[in-house]
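Participant: This is the structure I want to talk about, given as structure tokens.
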Amino acid sequence: MITGFLALYIFVLAAFTGYEIISRVPVILHTPLMSGSNFVHGIVLVGAMVALGHAETPAEIAIGVIAVLLSAGNVAGGYVVTERMLEMFKASRPAASKDQAR
Amino acid sequence: MITGFLALYIFVLAAFTGYEIISRVPVILHTPLMSGSNFVHGIVLVGAMVALGHAETPAEIAIGVIAVLLSAGNVAGGYVVTERMLEMFKASRPAASKDQAR
Amino acid sequence: MTLPSYLSTVVDAVYFVAAVLFIWGLKRMSSPRTARRGIIWAGLGMAAAIVVTFFLPGMHNLGWMIAAIVVGVGLSWWVGRRVPMTAMPQMVALFNGMGGGAAAAIGAVELIRFNAALQLAMNLSAARPETAFATSGHLGSVELILAFVGALIGAISFTGSLIAFAKLQGWMDRRFVFPLQRWVNLAIFAAAIACGALALTAGLEHHAFAWGLLVAFFALSLAFGIAMTLPIGGADMPVVISMYNALTGLAVAFEGFVLQNEAMIIAGMVVGAAGTLLTQLMAKAMNRSLGNVLFGNFGAAGAGEAQEISGALKPIDANDAAVMMAYAERVAIVPGYGMAVAQAQHKIWEFARLLIERGVKVKFAIHPVAGRMPGHMNVLLAEAGVPYDLIEDMDDINPEFPNIDVALVIGANDVVNPVARTDKNSPIYGMPILDVAHAKNVIVIKRGRGKGFAGIENALFYADNTRMLYGDGQAAAGELVAGLKTLDI
Amino acid sequence: MTLPSYLSTVVDAVYFVAAVLFIWGLKRMSSPRTARRGIIWAGLGMAAAIVVTFFLPGMHNLGWMIAAIVVGVGLSWWVGRRVPMTAMPQMVALFNGMGGGAAAAIGAVELIRFNAALQLAMNLSAARPETAFATSGHLGSVELILAFVGALIGAISFTGSLIAFAKLQGWMDRRFVFPLQRWVNLAIFAAAIACGALALTAGLEHHAFAWGLLVAFFALSLAFGIAMTLPIGGADMPVVISMYNALTGLAVAFEGFVLQNEAMIIAGMVVGAAGTLLTQLMAKAMNRSLGNVLFGNFGAAGAGEAQEISGALKPIDANDAAVMMAYAERVAIVPGYGMAVAQAQHKIWEFARLLIERGVKVKFAIHPVAGRMPGHMNVLLAEAGVPYDLIEDMDDINPEFPNIDVALVIGANDVVNPVARTDKNSPIYGMPILDVAHAKNVIVIKRGRGKGFAGIENALFYADNTRMLYGDGQAAAGELVAGLKTLDI
Ligand SMILES: NC(=O)c1ccc[n+]([C@@H]2O[C@H](COP(=O)([O-])OP(=O)(O)OC[C@H]3O[C@@H](n4cnc5c(N)ncnc54)[C@H](OP(=O)(O)O)[C@@H]3O)[C@@H](O)[C@H]2O)c1
Ligand SMILES: NC(=O)c1ccc[n+]([C@@H]2O[C@H](COP(=O)([O-])OP(=O)(O)OC[C@H]3O[C@@H](n4cnc5c(N)ncnc54)[C@H](OP(=O)(O)O)[C@@H]3O)[C@@H](O)[C@H]2O)c1
């Protein structure tokens, strides 16, 4: 069970971590960053599955299905789009071979 | 109660946070950083107080007193030394007045 | 350990690894060299987290679940693979909205279950609702509050993002403005909060809340997302999307708390913080406050008369421009929104490559808010194959402009407008710009006298060392390429 | 809520705020401008956390507690206020050791209590130790393991830091080395682990462990800290201290888990990560691995003959040196360990101020590991009153050396040794250095032919454009000041 203060600790630490990590992302990657963080909150799919998995009445099931559908869309779309964008970023040939050498 | 996984989450998030934050400290402040982080783990005093506060046998009390004594030294010394060092860092006059204007 | 408890330990472990991989993946975004690997790892973590969730003890409705996942993933994957790079902003809006909607729907399911359990328990032991509550409801008071707040935020993010999507997609071009709009919006928001608070109080006092209140709460929240986004201009959407991204993150974190799922809490909060930071950066680079964007009276402010800009527009033809650059030593290419509209990035890179083959030193100079999304230009250039080491940030290239022989501006306007430095009355006064005006020669590709996003005149176009190359971006770049090629014959 | 539970919520809230303030305070260390406020806020958080701990329900031994706190705080405060800046490294070692010792002592108290409770319970219901355990022991298996690990780490950090303190303080100057030392150390460590593991296994199986094992575990852990630190040279101590700092952080985090105290967990882990990073940075800037520092055969390695350095040392007298700098346009002052030894920072700053008054552009160029502690020089210069905007990092100043008329090296040796760039056989080959040799003229203040920390010849001193100004750092700086003053008469 996550109780009040523990949750607060996790909230705050995660926020610190997110803020610090993101502030290092260069402007050149801001669009992929936006869709990448979009992908990360796609973890909501896991929650949607749990909600649907425990749903009993038809109303609960219907809303649960909507939740799963939407979040599945979020996670897949976020991933594909981010990966497609990042795939395109390439260094010029000499620099690239140097990178590989590392 | 902090159980296994929650503790892991907190451990990992705190480590990420510490790493990210510290990697932004400029070399110029590395000595105060060392003594400052030294001060921060002085929070062990709180734990020492709890240990002593619940100690019952003479052996427990004796070791508890040692814990409190040592950690009180850690926290006070760490603070004084860090604060003294940081107090000395000053910008030159014009820059300083600009700082105040902010 | 019994089987189910053993399973849920495995599930928890996978969630933990997934959360670490998300953070790790975002951390690797600090360099284009490592970013792709990072997202792939994060994707593996996500896939693992999804798969193990099926094995959680006591999961029902697996048929529905699998069907919904297959449909949702399939559709998004298909769209995401196919959509052109220029449509990225609206795609992010769409996927983000879906996440917000999912968070709101989770909140709805949990609240419905809570209420149903409470009602049942009260029917059984009407005399002492407290005891009934204690034995039936599975949400504590903190969880109940966060379920409501998360649902509110998620619902706003859901409809708001969809409107943003529609506007960017061009399905809904006008800003809908009417008198007293802000007050109407405020009223909707207040009504949503009121319904939620009433239901919540009932829940906290261990009375079941009326279903009507719950329905009204969700309906009003969804309506507020629409109402809030309608009056905002299409071009402001990226800032709004980034904000909704942060909101979805928060909603996910809150619903994660309701479900006691640490991975959701952490991923949601990280995104919440990231989105907040990105929103701030974007608003700052546009020289506006978030409030100004949201309650946008943009352009209407202008505290005084703008300075007159004098001089004439001096056209140049593509061949002359090509020759000028062919014999230059250093050329800086400055793309803007017009390059995205014209999809000119491929032609421009072809042109740049020809110049580089001739020995010209070519750099791309990118303003942080060129285009309609932060980093927009970088993605387009990357798509065309421009290596990222030819791309320079504003801060790096600005001191170099005096040494640059020709600055080729293609479809950029506001981000190179010197008025931002000189005219205190201009709405973009104070916004950092690319100092293109300091280059020895400037060539500007645009279709005509069209204004930029800020809708103001650009003093650069009238400067002595500026020549205008009129035409659609792609066509003009094509002519430049042709011009260069004739040189070699 | 009853009174005690209400109180412990308040205590938890204060701990939470304190933890956030610690992180916040460390974050503000990213700039000298904000650092001091940060540490003050962190200090307030700490004070609040300590005060509220007295009000936790069921605290005993308050008299002892207050006495110990008053004595501990009083002594440290008094020493910390009085100690000279040059003694900072040993102070950090001392205070760090105390923290490690405290963590180990907490582990000891908790283990003793656990064992006593277990024994009692077993005496009462000898037939079924499992049930007895469940009702008596307050430590779960994870807690028990971490109590041992934390105690081990804390004890090592305790005695190790004290040895480091003694060495830096000059109380124990020699490296104690004897044949097979590494094997003896390894044996001590293995024995400590073995005792701990035996006791732990007994505890995990719900048998009380023998007191002798526990005593031996602690004694061996303490001994290992000593044995491990004895063979390391005094000058390597800063790296070792930074490592022990990280270890103390970890120990605190683990004991925090045992006590279920989130603030300790977080603060400890943050310090653990910070110390690890700092240790890495330091080792990297010294061009060595941590293993090389710890199992130090430093200097003994040298894969081949060092290159011969040819040329003569060309002395200069203080007056000539002063004149040279008085009429220079740009002067860079490069301090090193010798400045700390000579306590010359005040005189040097007096000299620099006189130069600045004459219109000379003066900068201080600081190598990351100049001195005997990272940032050592910066603290000394700050003490003397040098504003931090006159201080330049290695990376910033290196490209500027060709434009510098006079580089004044005071007590620096290894950090300006060009051999690090040129001689593959040198033990410092590959270490980043200050490119002092590129300055137009170099003046080096040192007492004689003494070598630096790495114990190797310095090619810079023999270069054509280098002049040696022999003397103790403080005296030489005084002569330079005097030389400048006579110019004005
Ligand atoms: N990046 C972001 O995150 C973001 C988000 C929201 C708002 N904004 C704002 O957007 C603006 C971006 O500035 P910007 O300089 O990139 O763009 P801009 O100021 O909007 O100017 C675009 C220019 O491109 C020209 N153009 C349009 N279509 C074209 C085509 N097919 N071929 C050639 N030229 C074409 C237009 O002139 P013609 O019509 O004469 O061709 C116009 O002047 C800034 O004001 C920024 O604050 C940015
Ligand atoms: N900063 C850290 O964290 C750290 C930690 C551990 C080790 N280290 C190592 O320490 C070294 C630091 O380099 P460094 O250039 O600062 O110092 P250094 O290489 O140790 O050289 C110090 C020089 O100062 C001179 N000196 C000593 N006392 C003096 C006095 N009273 N007046 C004038 N000169 C005096 C000595 O020559 P004379 O005897 O001829 O006067 C000696 O050559 C590096 O090798 C580094 O790796 C640094």
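The values are calculated or read from the model by the stated rules, or taken from the named source; none is laboratory data. Predicted model, so just to flag it, every value in this text is computed and none were measured. Glycine also receives a Cβ, built like all others from the backbone with ideal geometry; neighbour counts cover every protein chain displayed.
Participant: Return the pairs, sorted by first residue and then second, in which the second residue is acidic (Asp, Glu) and within 16 Å of ligand 2 (Cβ to nearest atom), the first residue lies in region D:215-237 and is touching a residue at least 24 places away in the same chain (Cβ under 8 Å) and closer than 24 Å to residue D:376 by Cβ, the beta carbons are less than 7 Å apart, and the residues are 6+ apart or on different chains.
Facilitator: D:234/D:173
Participant: Also, I was wondering about something else. Report, by residue number, each residue of region C:356-381 that is touching a residue at least 12 places away in the same chain (Cβ under 8 Å) and among the hydrophobic types (A, V, I, L, M, F, W, C).
Facilitator: In the first step, residues of region C:356-381 are kept if they are touching a residue at least 12 places away in the same chain (Cβ under 8 Å); the result is C:358, C:360-374, C:376-381.
Once the filter is applied, which keeps residues that are touching a residue at least 12 places away in the same chain (Cβ under 8 Å) and among the hydrophobic types (A, V, I, L, M, F, W, C), region C:356-381 yields C:360, C:362, C:364, C:365, C:366, C:369, C:370, C:373, C:377, C:379, C:380, C:381.
Participant: Here is a follow-up. Checking residue D:110 against (1) crowded, with 19+ Cβ neighbours inside 10 Å; (2) at pLDDT below 90, only one condition comes out false. Which one?
Facilitator: Unmet condition: (2).
Participant: Further, regarding this structure: So which residues in region D:413-435 are more than 14 Å from chain B (Cβ to nearest Cβ) and more than 10 Å from ligand 2 (Cβ to nearest atom), if there are any at all? Outline the logic, then answer.
Facilitator: So the first thing to find is which residues in region D:413-435 are more than 14 Å from chain B (Cβ to nearest Cβ), and the list is D:413-414, D:416-431, D:433, D:435.
Selection gives D:418, D:419, D:421, D:422, D:423, D:424, D:425, D:426, D:429, D:430, D:435.
Participant: Give the residues of region C:330-339 that are surrounded by 24 or more Cβ atoms within 10 Å (Cβ to Cβ) and either of a type in the set (Asp, Glu) or more than 8 Å from ligand 1 (Cβ to nearest atom) (or both), sorted by residue number.
Facilitator: C:331, C:332, C:333, C:334
Participant: Say we look at region D:371-385 and pick out the residues that are surrounded by fewer than 24 Cβ atoms within 10 Å (Cβ to Cβ) and away from ligand 2 (no atom under 15 Å from the Cβ); which of these is nearest to the chain's Cα centre (by Cα)? Even if it seems obvious, please write down each step before you answer.
Facilitator: Kept after step one, since they are surrounded by fewer than 24 Cβ atoms within 10 Å (Cβ to Cβ), are these residues of region D:371-385: D:372, D:383-385.
Cutting the leftovers down to away from ligand 2 (no atom under 15 Å from the Cβ) gives us D:383-385.
Working: D:383: 19, D:384: 22, D:385: 23 Å.
Selected residue: D:383.
Participant: Residues of region B:40-71 being more than 7 Å from every other protein chain (Cβ to nearest Cβ) and either in a helix (DSSP H, G or I) or in contact with a helix residue (DSSP H, G or I) (Cβ under 6 Å, 6 or more places away or on another chain) (or both), which ones?
Facilitator: B:58, B:62 - these are the residues of region B:40-71 that are more than 7 Å from every other protein chain (Cβ to nearest Cβ) and either in a helix (DSSP H, G or I) or in contact with a helix residue (DSSP H, G or I) (Cβ under 6 Å, 6 or more places away or on another chain) (or both).
Participant: Another question, if that's okay. Determine whether residue C:260 is among the polar types (S, T, N, Q), more than 9 Å from chain A (Cβ to nearest Cβ) and surrounded by fewer than 24 Cβ atoms within 10 Å (Cβ to Cβ). Walk me through it before giving the result.
Facilitator: Numbers: among the polar types (S, T, N, Q): yes; more than 9 Å from chain A (Cβ to nearest Cβ): no; surrounded by fewer than 24 Cβ atoms within 10 Å (Cβ to Cβ): yes.
Considered against the rule, which asks whether it is among the polar types (S, T, N, Q), more than 9 Å from chain A (Cβ to nearest Cβ) and surrounded by fewer than 24 Cβ atoms within 10 Å (Cβ to Cβ), residue C:260 comes out as no.
Here is a yes/no grid of residues against (1) farther than 18 Å from residue D:164 by Cα; (2) at pLDDT below 90; (3) buried (at least 24 other Cβ atoms within 10 Å of the Cβ); (4) within 16 Å of ligand 2 (Cβ to nearest atom):
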{"site": "D:247", "(1), (2), (3), (4)": "no, no, yes, no"}
{"site": "D:254", "(1), (2), (3), (4)": "yes, no, yes, no"}
{"site": "D:290", "(1), (2), (3), (4)": "no, yes, no, yes"}
{"site": "D:294", "(1), (2), (3), (4)": "no, yes, no, yes"}
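Participant: Which one is nearest to the chain's Cα centre (by Cα) among residues in region D:19-52 that are in contact (Cβ under 8 Å) with a residue 40 or more places away in the chain and under 26 Å from residue D:65 (Cα atoms)? Give the steps one after another, and end with the answer.
Facilitator: Going through region D:19-52, the residues in contact (Cβ under 8 Å) with a residue 40 or more places away in the chain turn out to be D:19, D:22-23, D:26, D:32, D:49, D:52.
Pick out the ones that are also under 26 Å from residue D:65 (Cα atoms) and you get D:19, D:22, D:49, D:52.
Numbers: D:19: 22, D:22: 19, D:49: 25, D:52: 30 Å.
That would be D:22.
Participant: Then there is this: Pick from C:201, C:159: which is among the hydroxyl-bearing types (Ser, Thr, Tyr), assigned to a helix (DSSP H, G or I) and more than 20 Å from residue C:293 (Cα to Cα)? It would help to see each step written out before you state the result.
Facilitator: Details: C:159 fails: more than 20 Å from residue C:293 (Cα to Cα).
The conditions single out C:201.
Participant: Yes or no: region D:220-243 includes at least one residue that is among the polar types (S, T, N, Q) and part of a loop (DSSP other than H, G, I, E, B).
Facilitator: no
Participant: Could you count how many residues in region C:263-281 are surrounded by fewer than 24 Cβ atoms within 10 Å (Cβ to Cβ) and of a type in the set (A, V, I, L, M, F, W, C)?
Facilitator: 2
Participant: Looking only at region C:25-66, count every residue that is at the interface with chain A (Cβ under 7 Å from one of its Cβ atoms) and polar (S, T, N, Q) and tell me the total.
Facilitator: Number of matching residues: 3.
Participant: Looking only at region D:436-452, decide whether some residue is over 17 Å from residue D:333 (Cβ atoms), within 8 Å of ligand 2 (Cβ to nearest atom) and crowded, with 21+ Cβ neighbours inside 10 Å. Give the steps one after another, and end with the answer.
Facilitator: Narrowing region D:436-452 to residues over 17 Å from residue D:333 (Cβ atoms): D:447-452.
Add one more test, that the residue is within 8 Å of ligand 2 (Cβ to nearest atom), and what stays is D:447-452.
Okay, now just the ones that are also crowded, with 21+ Cβ neighbours inside 10 Å, so D:452.
There is at least one residue in region D:436-452 that is over 17 Å from residue D:333 (Cβ atoms), within 8 Å of ligand 2 (Cβ to nearest atom) and crowded, with 21+ Cβ neighbours inside 10 Å.
Participant: Would you point out which residue out of C:144, C:168 is in contact with a Pro (Cβ under 6 Å, 6 or more places away or on another chain) and in contact (Cβ under 8 Å) with a residue 60 or more places away in the chain? Please lay out each step first, then the result.
Facilitator: Values: C:144 fails: in contact with a Pro (Cβ under 6 Å, 6 or more places away or on another chain).
Sole residue among the options that is in contact with a Pro (Cβ under 6 Å, 6 or more places away or on another chain) and in contact (Cβ under 8 Å) with a residue 60 or more places away in the chain: C:168.
Participant: Right, another one. Which condition breaks for residue D:230 when tested against (1) over 14 Å from the mean Cα position of the chain (by Cα); (2) buried (at least 24 other Cβ atoms within 10 Å of the Cβ); (3) modelled with pLDDT under 90?
Facilitator: It fails just one condition, (2).
Participant: So, one more: Given the residues A:47, A:53, A:18, A:36, which is the only one that is among the small types (Gly, Ala, Ser) and within 15 Å of residue C:255 (Cα to Cα)? Outline the logic, then answer.
Facilitator: Numbers: A:53 fails: within 15 Å of residue C:255 (Cα to Cα); A:18 fails: within 15 Å of residue C:255 (Cα to Cα); A:36 fails: within 15 Å of residue C:255 (Cα to Cα).
So the residue among A:47, A:53, A:18, A:36 that is among the small types (Gly, Ala, Ser) and within 15 Å of residue C:255 (Cα to Cα) is A:47.
Participant: Please give the number of the condition residue D:388 fails out of (1) at the interface with chain B (Cβ under 10 Å from one of its Cβ atoms); (2) surrounded by fewer than 23 Cβ atoms within 10 Å (Cβ to Cβ); (3) in contact (Cβ under 8 Å) with a residue 40 or more places away in the chain; (4) within 21 Å of residue D:439 (Cα to Cα).
Facilitator: Only one criterion in (1) at the interface with chain B (Cβ under 10 Å from one of its Cβ atoms); (2) surrounded by fewer than 23 Cβ atoms within 10 Å (Cβ to Cβ); (3) in contact (Cβ under 8 Å) with a residue 40 or more places away in the chain; (4) within 21 Å of residue D:439 (Cα to Cα) is unmet by residue D:388, namely (4).
Per-residue answers, yes or no, for (1) under 34 Å from the mean Cα position of the chain (by Cα); (2) on the phi < 0 side of the Ramachandran plot; (3) touching a residue at least 40 places away in the same chain (Cβ under 8 Å):
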position	(1), (2), (3)
C:454	yes, yes, yes
C:465	no, yes, no
C:469	yes, yes, yes
C:472	yes, yes, yes
C:476	yes, yes, yes
C:482	no, yes, yes
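Participant: Which residue pairs have Cβ atoms under 8 Å apart, sit 6 or more places apart or on different chains, and have a first residue in region C:67-94 that is at the interface with chain A (Cβ under 7 Å from one of its Cβ atoms) and a second that is assigned to a helix (DSSP H, G or I) and of a type in the set (Lys, Arg)?
Facilitator: C:80/A:84; C:81/A:84
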